[in-house]
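Peer 1: One structure, as structure tokens, below. Some questions next.
No lab work stands behind these numbers, since they all come straight from the coordinates. On a predicted model such as this, the values are computed, not experimentally measured, just so you know. Note that each Cβ is placed from the backbone with ideal geometry, even for glycine, and that neighbours are counted across all protein chains shown.
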Amino acid sequence: MHSSVLTPDAPPTMADVDVIEVEGPARLTGTVPVVGAKNSALKLMAAALLAEGTSTITNVPRITDMALMGEVLRRLGADVGFGTEADGSGSVTIDVPAVLAPEADYDLVRRLRASICVLGPLLARCGQARVAHPGGDAIGSRGLDMHVSGLARMGAEITSEHGFVVAHAPAGLSGGEIWLDFPSVGATENLLMAAVLARGTTVIDNAAREPEIIDICRMLAEMGAKIDGAGSSKLVIQGVDALQPVRHATVGDRIVAGTWAFGAAMTRGDVTVTGIDPHFLEIALDKIVQAGGLVEMREDSFRVVMADRPRAVDVVTLPFPGFATDLLPMAIALATVSDGVSMITENIFDGRFMFVQEMVRLGADIKTDGHHAVVRGRPSLSSAEVRATDIRAGAGLVIAGLCTDGTTTVRHAHHIDRGYPDFVADLKSLGIEARRAEAPADPEYSFG
Ligand code: EPU
């Protein structure tokens, strides 16, 4: 049964109430489930384009970005419906026609950068694609050069015209050897989705190894693709003539899970997170152990307990299996209340420290220099009104608000909604006094 609970006109979490307020000081305690990863589910939706017929993706998060991706696919000609499984989890069904319209316009791509991942599937299915260039965003400039040069290695002719990436492969794509300069998640996904229908063998070397890449490899294999090396830095793909639609469950969201882990650590809490393989978070959880926490890992859940004030630890972000850049705001939040000085180094995005000034408004002692931040921990923070600049920064600010002495108001909470379904409800279930509030008039408001 499908209902249209997720439509771009009325997405469930698009906030009329653009503020989250939390009361500190407070400890996170209890059990919280996580659902499927946004950064997997969005790409799995694009992967569905590779097979004519109806694919269903389950365990999807109910977030605005899913609705936006649904709209991208609808404009390409697919019929997309969001629904609820018998166990209450979200699902999306995508009915893909024999012939797709190969254009994704700027209006949607600028609102959902991840829609660039339709480039590979469109080129594979239609022999051509026109996808708007997404431009930069609040965490920095985000290039497409590896997507483009990889597809060119597979025989595509690619130009940039009037703000669009325009790709042609009239005779079809053919396999090639591709070395990525950097293990880009998006480039690996686009090239993988193009290669599964290309003629011959494609090798993607220095590929990204994130659990979300393994998830997409699994779905593609279920569709009939021939892929070796999922989860390693060398993917070998033997092209096939056609793929079949499938039903696939999205891998759990390690970043949401990691957010609760750091939240527990910095509030001296006791939190069990379910719906996630903790091995996807090994380095992050090890940091919490180094900070003095107790971590219990089970098959698809883990528990974090922090009895005393955390000790300062250094963190360096790197592609998986390194410490995830999307958890950097949580690592900084932990450092702001830890005993000692932490050095936090960001290696993936050039604008990831933009939110640091908001943390400083909460009384944090942070100095940044290039891609390093030096954080001198304080016993507690001071409640204030702050502003979310991106999804993860927003979540980090809310969690930091729990270590203050009063009401912390995080504006532009729509950013948080993009990555955290039911964030306020989850906070409440973990014992936090949290609420949505009306957004004060704000001329700077922009969605995206
Ligand atoms: N890059 C290039 N050229 C390319 C591709 C990437 O220079 O052709 C650079 C980017 O500019 C960036 C770095 O490489 O500096 C990493 O980019 P990557 O392609 O790995 O990231 P992405 O695919 O754009 C995804 C997630 C991000 C997450 C990163 C890294 C989605 C929709 N987004 O982005 O998630 O931070 O991988 O793990 O999957 C988030 O969820 O909040 C988020 C930002």
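Peer 1: In terms of the Cα gyration tensor, with a ≥ b ≥ c the square roots of its eigenvalues, is the range 38-249 rounded because a/c is under 1.5, prolate because a/b exceeds b/c, or oblate? Write down the numbers at each step before the final one.
Peer 2: Values: a/c = 1.35, a/b = 1.18, b/c = 1.15.
Rounded.
Peer 1: Run the quick spin-label model on residue 152 and residue 289: label points 7 Å from Cα toward the beta carbon, then report their separation in nm to one decimal.
Peer 2: 4.5 nm
Peer 1: Within the range 414-440, find all residues whose amide N lies under 12 Å from a label point positioned 7 Å from the Cα of residue 407 along Cα-to-beta-carbon.
Peer 2: 434-438
Peer 1: In nm, give the distance between the simple-model label positions of residue 374 and residue 106, each being 7 Å from the Cα along the Cα-to-Cβ direction.
Peer 2: Going by the 7 Å Cα→Cβ label model, 4.4 nm.
Peer 1: Going 7 Å from the Cα of residue 128 toward and past its Cβ, which residues in the range 89-113 have a backbone nitrogen under 12 Å from where you end up?
Peer 2: Answer for the range 89-113: 101-103.
Peer 1: Right, something else. Going by a ≥ b ≥ c, the root eigenvalues of the Cα gyration tensor, does the range 273-320 fall in the rounded group (a/c under 1.5), the prolate group (a/b larger than b/c) or the oblate group?
Peer 2: oblate
Peer 1: Sticking with this one: Which of the listed residues, 39, 250, 290, is farthest toward the dipole's positive end in the chain, when Lys, Arg count +1 and Asp, Glu count -1 at the beta-carbon?
Peer 2: Result: 290, furthest along the dipole toward the positive end.
Peer 1: Roughly how tilted is helix 254-266, in degrees to the nearest 10 and between 0 and 90, from the longest Cα axis of the chain?
Peer 2: 10 degrees
Peer 1: Still on this structure, I have one more. Compute the length gained on full extension between residue 214 and residue 84: take 0.36 nm times their separation in residues and subtract their Cα-Cα distance, giving the result in nm to one decimal.
Peer 2: 44.3 nm
Peer 1: What number, rounded to the nearest 500 deg cm²/dmol, is the helix-based mean residue ellipticity at 222 nm of the chain, given -39500 (n - 2.57) per DSSP H run of at least four residues and division by all its residues?
Peer 2: It lands at -8000 deg cm²/dmol.
Peer 1: For the range 38-249, what does the relative contact order come out to in percent, with C-alpha contacts under 8 Å and a separation of six or more?
Peer 2: 20 percent
Peer 1: Tell me the GluC sites (Glu not before Pro) within the range 224-306 that lie in a loop according to DSSP and have at most 14 other beta-carbon atoms within 10 Å.
Peer 2: Passing both the DSSP loop test and the Cβ count: 299.
Peer 1: Checking the a/c ratio against 1.5 first, then a/b against b/c, what shape does the Cα gyration tensor give for the range 297-411? Can you show the working numbers first?
Peer 2: Working: a/c = 1.35, a/b = 1.11, b/c = 1.22.
Verdict is rounded for the range 297-411.
Peer 1: Further question on the same structure: Just for the chain, what percent of DSSP beta bridges are antiparallel, to the closest 5?
Peer 2: Just about 75 percent of them are antiparallel.
Peer 1: What relative contact order, as a whole-number percentage, does the range 174-330 give when Cα pairs under 8 Å and 6 or more residues apart are counted? Mind dumping the intermediate values first?
Peer 2: Values: 303 pairs, mean separation 29.0, N = 157.
This gives 18 percent for the range 174-330.
Peer 1: With r defined as the distance between the Cβ atoms of residue 343 and residue 75 and R0 fixed at 51 Å, what FRET efficiency is calculated, to the nearest 0.05? Kindly include the intermediate steps, with their values, before the conclusion.
Peer 2: On the way: r = 46 Å, r/R0 = 0.89.
That pair, residue 343 with residue 75, gives E of 0.65.
Peer 1: Right, another one. Between residue 160 and residue 199, take the C-beta separation as r, use R0 = 41 Å, and let me know the FRET efficiency to the nearest 0.05.
Peer 2: 0.95
Peer 1: Right, here's the next one. Taking H as built 1.01 Å from N, whose amide H comes closer than 5 Å to the amide H of residue 101, not counting residues under 5 places away?
Peer 2: For residue 101, whose amide H was placed from the backbone, the distant partners under 5 Å are 77.
Peer 1: If you don't mind, another one. For a label point 7 angstrom out from the Cα of residue 298 toward its Cβ, which stretches of the range 17-33 have the backbone nitrogen within less than 16 Å?
Peer 2: 30-33
Peer 1: Give the angle, between 0 and 90 degrees and rounded to the nearest 10, that separates the Cα long axis of helix 391-401 from the longest principal axis of the Cα atoms of the chain.
Peer 2: Result, in degrees: 10.
Peer 1: When 328, 180 are ordered from fewest to most other Cβ atoms inside 10 Å of their Cβ, what list results?
Peer 2: 180, 328
Peer 1: Still on this structure: Quick one: which residues, 5+ away or cross-chain, put their amide H under 5 Å from the amide H of residue 53? H built at 1.01 Å from N.
Peer 2: 96
Peer 1: Still on this structure, I have one more. What length, rounded to one decimal in nm, is gained on full extension from residue 181 through to residue 226, with 0.36 nm per residue of separation minus their alpha-carbon distance?
Peer 2: Result for the pair: 13.8 nm of gain on full extension.
Peer 1: For Cα pairs less than 8 Å apart in space and 6+ apart in sequence, what is the mean separation divided by the residue count of the chain, i.e. the relative contact order in percent?
Peer 2: Once normalised by length, the contact order is 20 percent.
Peer 1: Evaluate the charge dipole of the range 190-243 about its Cα centre and quote only its size in Debye, nearest 20, assuming +1 on the Cβ of each Lys and Arg and -1 on the Cβ of each Asp and Glu. Write out the running numbers ahead of the final one.
Peer 2: Values: 5 positive and 7 negative charges, 31 e Å.
Dipole size: approximately 140 debye.
Peer 1: Any idea how far apart residue 429 and residue 308 come out in nm if each label point goes 7 Å out from Cα toward Cβ?
Peer 2: 3.3 nm
Peer 1: Relative to the longest principal axis of the chain, what angle (0 to 90°, nearest 10) does the C-alpha long axis of helix 211-222 take?
Peer 2: 30 degrees
Peer 1: I've got another one for you. Between the range 26-103 and the range 260-309, what is the separation of their alpha carbon centroids in Å?
Peer 2: 28 Å
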